[in-house]
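What follows is one structure encoded as structure tokens, with my remarks underneath.
The values are calculated or read from the model by the stated rules, or taken from the named source; none is laboratory data. For clarity, every value in this text was computed on a predicted model and none was experimentally measured. Here the Cβ positions follow ideal geometry from the backbone for every residue, glycine too, while neighbour counts run over all protein chains shown. Note: accessible area is taken over every heavy atom of the protein model, side chains too, but ligands, DNA and RNA are not part of it. Shrake-Rupley method; radii C 1.70, N 1.55, O 1.52, S 1.80 Å.
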Amino acid sequence: MTCDSSYFLNNNNIEASRTLFIRQGDSLTITGKNAHYNGTTKLGIIDGNVVCTEKDMVLTTAILNFDSKNKMASYQTGGTIVSKENTLTSRHGYYHSPTRTVSFKYDVKLVNPEYTMLADTLKYVTTTKTVVFLGPTNVVSKKDKLYCEQGWYNTQTQISHLTKKATVYTGKNILYADSIHYDRKNEAGDGFSNIRMIDTVQKTIISGNRSYSNKKVGIMWVTNHALLTKIMGKDSLFAVADRMFAFEKK
């Protein structure tokens, strides 16, 4: 640690101020204005335009708490994390350096060139580039919208697995299911249990317990007690089959 002035107190505490610079290992650096560090508990706090940098990830916040023994850092005053492709803001954040895992709570917003993610609580594993959803979450892009309250999303492969109120909106179609495995890049999804596939233009609903759809190919099917409901004004037409297919002209 380097700074303009520091005081070493007889209770094993260190007070440092002005032009503060801390380096831990080969990749983690922290800058700020003031710091208090307890050498016994290994706990500290830094304030004043705090910037924490590790490899390609930069965190800025007003006040940063850190635990040098367990290599953890956290903020509760709002923070912004910028990486190569993503910018994430939240009110609370927790970073565990050994696993390179970041957890966020309250007003979480992740902005990527291809989509925006809004959540109450989520975790980001930097080694696998995977976001883990731990509460109500929306992922919105120009071509689709995802919603769930549990699940995960790989930011590299753009593959997600959604559970608990899993929903995928793709243009005129809506898919509800207990769980959905969705490939955003190829616009393909698998639905499992309590499925409802809704075409808002054709006013049709197909329900069942297993489904597959591929928007690029223009095909979808539902099986396992498949039921088609066609809404026609005040009336509805029903059809039951073991498996139903639908094709969309490209």
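A few notes on this one:
- Model label zone, N70; criterion: amide N under 20 Å from point 7 Å along Cα-to-beta-carbon; scope segment 30-50: 36-46
- Where D183, D26, D120 fall by accessible area, highest first, once all protein chains stay in place (1.4 Å): D26, D120, D183
- Cα gyration tensor shape for segment 34-148, rounded if a/c is under 1.5, else prolate or oblate: prolate
- Using the empirical formula 2.2 N^0.38 Å as the baseline, the Cα radius of gyration of the chain reaches a ratio of 1.36.
- Magnitude of the charge dipole, segment 111-243, Cβ model with Lys/Arg +1 and Asp/Glu -1, debye to 20: 240 debye
- Segment 144-196: radius of gyration and largest Cα-Cα distance (Dmax), Å: 9.9, 29
- Sequentially through segment 180-192, phi angles give Karplus couplings (6.51, -1.76, 1.60; θ = phi - 60°) of 9, 9, 10, 10, 5, 4, 9, 6, 10, x, 10, x, 9 Hz, Gly and Pro residues having no value and appearing as x.
- Selection from M57, G78, T41 lying farthest towards where the dipole of segment 1-100 points positive, charges on Cβ: T41
- Only Lys, Arg (+1) and Asp, Glu (-1) charged, at Cβ; the chain dipole about Cα centre in debye: 620 debye
- Hits among aspartates and glutamates - C-alpha to C-alpha of K42 under 14 Å, sequence gap 8 or more where chains match: E15, D67
- Model label points for K216 and N49, set 7 angstrom from Cα along the Cα-to-Cβ axis, are 4.7 nm apart.
- Solvent-accessible surface ranking, highest first, for R184, R18, R100 at 1.4 angstrom: R18, R100, R184
- The accessible area of Y124, taken with all protein chains in place and a 1.4 Å probe, comes to roughly 30 Å².
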